[in-house]
Amino acid sequence: MLIIDGSLSREKLRDLRSLDSMKIRRKKGLCIVEGDRSLGEALRTGRLLYLVASEERAMGGSSVPIQLQTVDVPCYTLGREHFRKISGVKTGTGLIGIARIPASGELHELQGPSDRSALFYLDGIQEPGNVGGLIRTAWALGWTGVMLGKGTADPFSAKGVRASAGAVFHLPLYGDMGARQIEELLARDYSLFVADREGQDYRQVTYPERLILALGNEGAGSSDWIRRRGQSVGIPLAEGADSLNVVVAGGIIAAEMVSIIGHGDRTSPRRRVPPSPRHGRS
């Protein structure tokens with residue numbers, strides 16, 4: 001059962017509505033969190049500021065996840081119509097959180113030259129659900145972090161946070177990345193691989209202990225500049241199959257990479273990539 005602290009004030013309602021804008025999210029350092037898993041991770045990382053419950057949920061119309069039943073953060077109610085306009089989930093659980101956005105990761109915080117490190121580079125991926133799904137994949141596989149290239153959707157949109165299942169609160173995210181940052185990492189002994197359906201079979205490649213996997217735009221694929229700098233790897237598809245969703249393709253290749261990193265054979269024991277230092281609190 002939720003402990004209600006009263007109705008949401010007009011000022012907080014204006015703040016909540018303004019978080020639809022990426023510019024405002026970045027300025028205020030706040031994001032909307034929906035979905036029980038994402039809310040649980042925002043709470044676990046100490047970033048959840050307050051909850052907003054629909055009147056229906058506040059009256060016990062739906063169950064409350066156990067991790068949110070005794071939260072030490074305020075919870076306010078909001079009328080059904082206002083709540084529906086704000087929530088991006090038509091059949092949601094009637095609960096929204098407001099959380100602090102972690103500070104962007106810094107490349108200089110990455111491990112020294114003798115340490116294993118694996119990064120995603122998202123090259124203009126425009127669908128927030130795909131961005132969130134890839135961040136969730138990277139976190140689940142123990143990758144070091146995710147670089148967000150120009151034109152990539154904001155992972156702290158409500159849809160991005162929800163698709164990440166809260167991984168955005170755990171994994172270092174490096175914003176506004178481009179050719180200069182890639183060149184910097186290549187100079188630090190990283191190797192760049194580019195997901196491409198015409199690339200070499202991903203199972204036949206020897207992967208080093210410091211690598212970047214670039215994943216391109218859903219329609220146009222990777223940028224020319226990144227293709228020129230990296231080795232293309234692809235997933236052989238069945239006859240007649242055209243392509244894979246970028247999250248599925250990224251997950252398949254990334255899982256293979258971490259399972260044989262530095263070995264080059266599929267029977268080697270899996271070695272988990274150590275994470276980079278987590279975001280500092282903003």
Exposure proxy order (Cβ contacts within 10 Å, fewest to most) of HIS108, HIS170: HIS108, HIS170
Contour minus Cα-Cα distance for ARG44 and ASP224 (0.36 nm per residue): 60.8 nm
Pair SER18, ASP176: separation of 7 Å Cα→Cβ label points (nm): 2.1 nm
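At a Förster distance of 35 Å, what's the computed FRET efficiency of VAL89 paired with ILE252, Cβ-Cβ distance as r, to 0.05?
In this case the efficiency is close to 0.80.
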Neighbour-count order for ILE4, ILE135, ILE101, ILE212, fewest beta carbons within 10 angstrom listed first: ILE4, ILE101, ILE212, ILE135
In Hz, Karplus ³J(HN,Hα) per residue of the range 6-20 (6.51, -1.76, 1.60; θ = phi - 60°; x = Gly, Pro): x, 7, 5, 6, 4, 4, 5, 5, 4, 4, 4, 5, 5, 6, 5
Aspartates and glutamates whose Cα lies under 16 Å from that of LYS28, excluding same-chain neighbours fewer than 8 positions away: GLU11, ASP15, ASP20, ASP154
Order of TYR190, TYR174 - criterion: other Cβ atoms within 10 Å of each residue's Cβ, fewest first: TYR190, TYR174
Amide H within-cut-off set for GLY234, under 5 Å, with H built and near neighbours excluded: ASP196, GLY199, GLN200, ASP201, TYR202
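Which trypsin sites (Lys or Arg not before Pro) from the range 181-246 combine a DSSP loop assignment with at most 16 other Cβ atoms within 10 Å?
ARG188
The numbers here are math on the coordinates, done by the rules we state, and not lab data. Since we're looking at a predicted model, the values are computed, not measured. Glycine gets a Cβ as well: all are built from the backbone with ideal geometry, and neighbour counts include every protein chain shown.
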